[in-house]
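Written out below as structure tokens is the structure these notes cover.
The values are calculated or read from the model by the stated rules, or taken from the named source; none is laboratory data. Please read all numbers here as calculations on a predicted model, not as lab measurements. As a convention, Cβ positions derive from the backbone with ideal geometry for all residues, glycine included, and neighbour counts pool all protein chains shown.
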């Protein structure tokens, strides 16, 4: 091991490898101007502050408090740069976490695990659908696993305190990125801690604390919400994207519900077989290393296989009803609808298993010639060979675009009119949009780009039907049949403005409007004087949730710092 200035350099090759993989995947968009807009991944130049970001609007806390953090950060960092930092940071954090977790294994073994954890169908499909916040939680998984493994060991003193500090930070990063990330990492930590009940209890307490910013709104909101649509369980159930069926697809880290973003490689028999072979090698690694495992052997096996089963149950007839019950009756149960995202812990377990397998094979090859060991490099290349379309921005799928100048002009006009606290309906009433200035269908950027409390569609049309939304106001807007009825609905709800995207689809505009700004992309309309009140159902929420978020942030930072310095 080389030492320079008191710092260990043995894992620098791991970092170089991680950066190399990151550049191979993201390089085409990292050095291009504009925003990478795809699916749910929508960053804007300067995201205005809204009560929605903390759940203070009374709605479903889908991106709480992640949007609040993005909004605050874009006041000091341009949104374009922030997105690059998030994407690159996610890859580097994931690779560094795997390097740390497998630090006692030889380089080729660590490298195999790093490459598999970074280069796999799960990351490909979640990046293609725009789930950047979920991938932040994914990147935290190896850090969580390493912290719990240290806590289970005989190490004490500063090592133990630092493990707790690392766990606090990893759980917070995941939970503040997305609710799903918070649940994934907390459950991972709990399962790995099984058998040491005091540690498990503390892990549960930490997980609940750092996730309070979205847990409290999930329980506290709901007065103006409709029940979740159980059809979402069927619509978002894991699907088959390989010749091996749903279970085989999940075991090889794929199986996302949205067929349009599945890489073509997954349907190729040779590529799918190579992916399955990697899983079998990983399984061998777990079995071979059971006497000196990287992670607690039984707990990790339960975590990996359990996550696959959870990912699969939404599409299994007899068990689908149980998932639907949870969605309908458990606050936050809607997180269970997209089944495939729960397979993330299995990817971690398999990556560690592959590292263990390569380490065992390297040990077997000790004393042989360099050529006799060179074949181990094949395990680094196998994930790439099984999914070549992941390279170069998902084979060109990722693309950078800039928002049209008129978007900035309309935002300036809305800021001049001081619409921050006003309700603004966005038309045509659709969740996702196609624009002539970007090639991908994306989540409507209007709520993040413009000021005002946006009234948007929250139902989602999928090939099998429509998954109903949970906003009662959105449902009333959706049900308006003509201009007069729409005007009455909006007036009764206290809506003062309409932001209209220029579109080829038919759009019903409310009667009695006045054009405030108009261009080739957008039209801003002033609606007739509202007859209803636009106030929140609970005026206490915005302040209470903002204070809660601040307390959790300060408490988390203080706890991590105290543990680090002990």
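Can you find a residue in segment 139-155 that is not in a loop (DSSP other than H, G, I, E, B) and not assigned by TED's automatic domain parsing to the domain that holds residue 346?
No; the residues of segment 139-155 include none that is not in a loop (DSSP other than H, G, I, E, B) and not assigned by TED's automatic domain parsing to the domain that holds residue 346.
Could you say whether any residue in segment 271-289 is free of Cβ contacts under 8 Å to residues at least 12 places away in the same chain, more than 19 Å from residue 125 (Cα to Cα) and either surrounded by fewer than 18 Cβ atoms within 10 Å (Cβ to Cβ) or touching a helix residue (DSSP H, G or I) at 6+ places or on another chain (Cβ under 8 Å) (or both)?
The answer is yes, given that some residue of segment 271-289 is free of Cβ contacts under 8 Å to residues at least 12 places away in the same chain, more than 19 Å from residue 125 (Cα to Cα) and either surrounded by fewer than 18 Cβ atoms within 10 Å (Cβ to Cβ) or touching a helix residue (DSSP H, G or I) at 6+ places or on another chain (Cβ under 8 Å) (or both).
Of all residues in segment 40-81, how many are assigned by TED's automatic domain parsing to the domain that holds residue 334, free of Cβ contacts under 8 Å to residues at least 24 places away in the same chain and not in a loop (DSSP other than H, G, I, E, B)?
Residues flagged as assigned by TED's automatic domain parsing to the domain that holds residue 334, free of Cβ contacts under 8 Å to residues at least 24 places away in the same chain and not in a loop (DSSP other than H, G, I, E, B) within segment 40-81 amount to 3.
When you look at residue 511, is it part of a loop (DSSP other than H, G, I, E, B), over 30 Å from residue 79 (Cα atoms), over 33 Å from the mean Cα position of the chain (by Cα) and at pLDDT 95 or above, yes or no?
Yes, satisfied.
State all residues of segment 249-292 that are part of a loop (DSSP other than H, G, I, E, B), closer than 16 Å to residue 348 by Cβ and modelled with pLDDT of 95 or more; if no residue qualifies, say none.
Residues satisfying the conditions are 252, 253, 254.
Can you tell which of 191, 187 is out of contact with any helix residue (DSSP H, G or I) (no Cβ under 6 Å at 6 or more places or on another chain), in contact (Cβ under 8 Å) with a residue 12 or more places away in the chain and assigned to a helix (DSSP H, G or I)?
The match here is 187.
Please count how many residues of segment 389-418 are part of a helix (DSSP H, G or I) and either more than 23 Å from the chain's Cα centre (by Cα) or more than 30 Å from residue 281 (Cβ to Cβ) (or both).
Count: 13.
If only one of 462, 489, 424 is more than 27 Å from residue 237 (Cβ to Cβ), in contact with a helix residue (DSSP H, G or I) (Cβ under 6 Å, 6 or more places away or on another chain) and not assigned by TED's automatic domain parsing to the domain that holds residue 80, which one is it?
Going through 462, 489, 424 in turn, just one is more than 27 Å from residue 237 (Cβ to Cβ), in contact with a helix residue (DSSP H, G or I) (Cβ under 6 Å, 6 or more places away or on another chain) and not assigned by TED's automatic domain parsing to the domain that holds residue 80: 489.
Assigned to a helix (DSSP H, G or I) and surrounded by fewer than 19 Cβ atoms within 10 Å (Cβ to Cβ): which single residue out of 89, 95 fits that description?
From the options 89, 95, the qualifying one is 89.
For segment 492-508, name all the residues that are part of a helix (DSSP H, G or I) and touching a helix residue (DSSP H, G or I) at 6+ places or on another chain (Cβ under 7 Å).
Matches in segment 492-508: 493 only.
Condition check: farther than 30 Å from residue 550 by Cβ and assigned by TED's automatic domain parsing to the domain that holds residue 377. Does residue 17 satisfy that?
Taking the combined requirement at face value, the residue satisfies it.
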